[in-house]
1. Which distance in Å, rounded to a whole number, links the C-alpha centroids of segment 464-513 and segment 42-69?
2. Whenever you get a sec, compute what percent of the accessible area on the chain sits on carbon and sulfur atoms (1.4 Å probe).
3. Compute the acute angle (0 to 90°) between the alpha-carbon long axis of helix 23-33 and the principal axis of greatest extent of the alpha-carbon atoms of the chain; round to the nearest 10°.
4. Out of the trypsin sites (Lys or Arg not before Pro) in segment 608-683, which ones are loop residues according to DSSP with at most 15 other C-beta atoms within 10 Å?
5. Hey, if we sort Asp296, Asp343, Asp471 by accessible area with the 1.4 Å probe, largest down, what's the order?
6. Please give every one of the lysines within straight-line cross-link reach of Lys639, meaning a C-alpha to C-alpha distance under 23 Å, and leave out same-chain neighbours fewer than 8 residues apart.
7. Any idea of the accessible area per residue across segment 62-158, 1.4 Å probe, to the nearest Å²?
8. Distance check, please: which entries in Lys579/Lys671; Lys217/Lys463; Lys217/Lys680 exceed 27 angstrom between their Cα atoms?
Amino acid sequence: MRKLVVLLVLGTPLFAYAQEDEFLDEFALLEDAAVVESAARHRQEIGMSPSAITVITREDIEASGANTIPDLLRIVPGMEVIFHTATTSVISARLHWTNENYHFLVLIDGREAGIELLGQTIFEIEPISVEDIQRIEVIRGPGSALYGANATAGVISITTRAISEETSGWAMVSAGELGSTRVGARGSTRLGDWGLSLGGGVDLLGTFEDPHAENEKLWKWRALAEHRWSETARLLVNATMTSGVGTRMTEMGLLDLNFTSGAVRVSHESENLRGRIYWRYLGFDMTLDASLDYGDIRLADLMPATIDAHTVDGEVQWTPPRFWQPLLLITGGGVRLSWLHSDEFIDGDTYTDTTSPDFHQPGITHMEVRAGAFVHGEVAPADWVTGTFGLRFDYNNISDTFLSPRLAVVFQPASGQFLRLGVARAFRMPSFRESNTHIMVEFPDESPITGPGQQDFLEFMSKIIGNPNVDNEELWAFEAGYLGRFLDGQLSVNLELYCNLHTDLIFLQTEITPDQTTGLPDLDESILTFTNSGGDIYVLGSELTVRFKPARSVMLLATWAHREVFDLNTNRPWDDCPKNLISLGGRFQTEAGLVGSLYLHSRSEFMDRWVENPAGLMAPMLVQHMDNMFLVFGRLGWKIKTKNNIQIETGLKLFLPVSPSQDPHFRVREKGGIITLQGKNLGGEELIRVVTAYLEGSF
């Protein structure tokens, strides 16, 4: 009977499980059948996946105490979520600890959410909130063989809520500590083969340092139209827009942003063919709160900049008919064009070129081209074994071309028992910030740089930060996994072991050499630029997950991830990565309408070697010991349904950081930071308790 259910689910059309009114029952079926899609670009049992994968279902989301997508990801085994500030979050797993958000490729309804300028995803400016998400699949392990660049540690595939089968509406308001206020609404309807959904909202948020400050103000809009050609084919048009102001912490300082982001995606999905094309615009005014100081000497200030960026991305995927029943083939490819312009950045190629009409003129126009093609295959010579093979070729005009192979074998020695062995190669390509960013500066009155020396310094700026010679980071991953289901599927145990060889790491190299004559930096000998000098490492790790559902309305979860990072050349262990991540908790929902969850997340101690120095960008980073810390997430709500079929829910959400080894015990830094003598926070802020009350209704 269980195999029949799986076959029925696998045989449904692609969009059949994305209908809002039927979501709870149908996604519960998917969870029971453990069906995933992103790890192989087609639906399969989770045990047959060639990669370790975690699914966050709608039930998990509805009971979660998370207010943000990164917080929602904390229940993923081995996933480290770091909040620098209330509006700057970073996710990392299976590699070295980082204060940048570039280990995972993030997809939102198939659209790559990464920003070329930074080479990473800014969750805080995406046009969706936690309540808009239907399902998240997290591939834990390299995904470049299917998805190309930047799927180094894995892929986070987010599926948003789709158009309901009947006219429906939803609205929510929440408010709480940290100056947080959120308002959102969504409505959808159908007219024959057509469907339409409109939604939007506004987010207001303070800072952990000053909860009453207006740190972020964000407006979001989303529209979705759908036309069903047949039972197995549909056309989707999705338009989104986000605008607002906010701040973001970077390794170069605090970035003040005033931005507008918009995207339009058109996609076609049928039984064997999928295609999509989208355009995205990102425009913002940015001011980096950092100066170029040398000791106590103020050399220059970074100028505010305005940036306009456009991206056009298209992809096609085809599943050819099977000419041999045990063999499944999927192939596809895509092209991505990105264009960026700023009058306040410096073009490193033309600024010092005396033959160029732009000699000594600020301004840059940058074009980036990416193209890739892949083939994915699965062969099942017997019921108890399936082999997966894949290869992807990627080209870009910034770094070297790359081949990403993958091989995996899954054994099923008994019903509900799966063993997996795999090897894969992946890469991260340099971002615009790492390869081409050169920032214009202005000289304050107190600067010792005057006259012709100012132009010499601007030529120096045209050579630092961005490095056109920086190349790809490369990863080889070797994995072994076990998944076992017991007690008729109520209990599942998953153990993952991995060894990752990560080479050519990109780091910001800072070596300022003094001029013995002037006492100022020697501009010919000093270095402040991104290079592949971060070292070569290997990472040994394990992830254990135990999930127990004694009843459909109750789920208990326990995860433990252990990681050891070593220098590949010296075998010296790195102490700047936490070794242990543990999560314990569960969720529930009663027939009386009570819904809730409570999770405890812990992270072990480590050394943060990338703490901002109050002496400025030209000074070396500081080192700070980070103690063991805990986070408590919870939610308690009550749902009622009126006679008019209107559902109302109200409740509280809790975010509580805990540090047993320091006083006060309920203020914790996830990222290293300090308070200067002037009382200014540099680096990560101290996280504090946040209690949020919410009220939502739907029909």
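1. Taking the Cα centre of each part, segment 464-513 and segment 42-69 sit 20 Å apart.
2. Values: 16890 of 28080 Å².
After summing per-atom areas, the C and S share lands at 60 percent.
3. The helix 23-33 is inclined about 90 degrees to the chain.
4. Sites meeting the loop and neighbour criteria: Lys643, Lys680.
5. Numbers: Asp296 165, Asp343 90, Asp471 45 Å².
Sorted by accessible area, descending: Asp296, Asp343, Asp471.
6. Lys639 reaches Lys549, Lys653.
7. Working: 1050 Å² over 97 residues.
Averaged over the residues of segment 62-158, the accessible area is 11 Å².
8. On the way: Lys579/Lys671 16 Å; Lys217/Lys463 35 Å; Lys217/Lys680 22 Å.
In this structure, Lys217/Lys463 exceed 27 Å between Cα atoms.
The values are calculated or read from the model by the stated rules, or taken from the named source; none is laboratory data. Keep in mind that what you see is a predicted model, and the values were worked out from it rather than measured. Glycine also receives a Cβ, built like all others from the backbone with ideal geometry; neighbour counts cover every protein chain displayed. All accessible areas refer to the heavy atoms of the entire protein, side chains included, with ligands and DNA or RNA removed. Shrake-Rupley method; radii C 1.70, N 1.55, O 1.52, S 1.80 Å.
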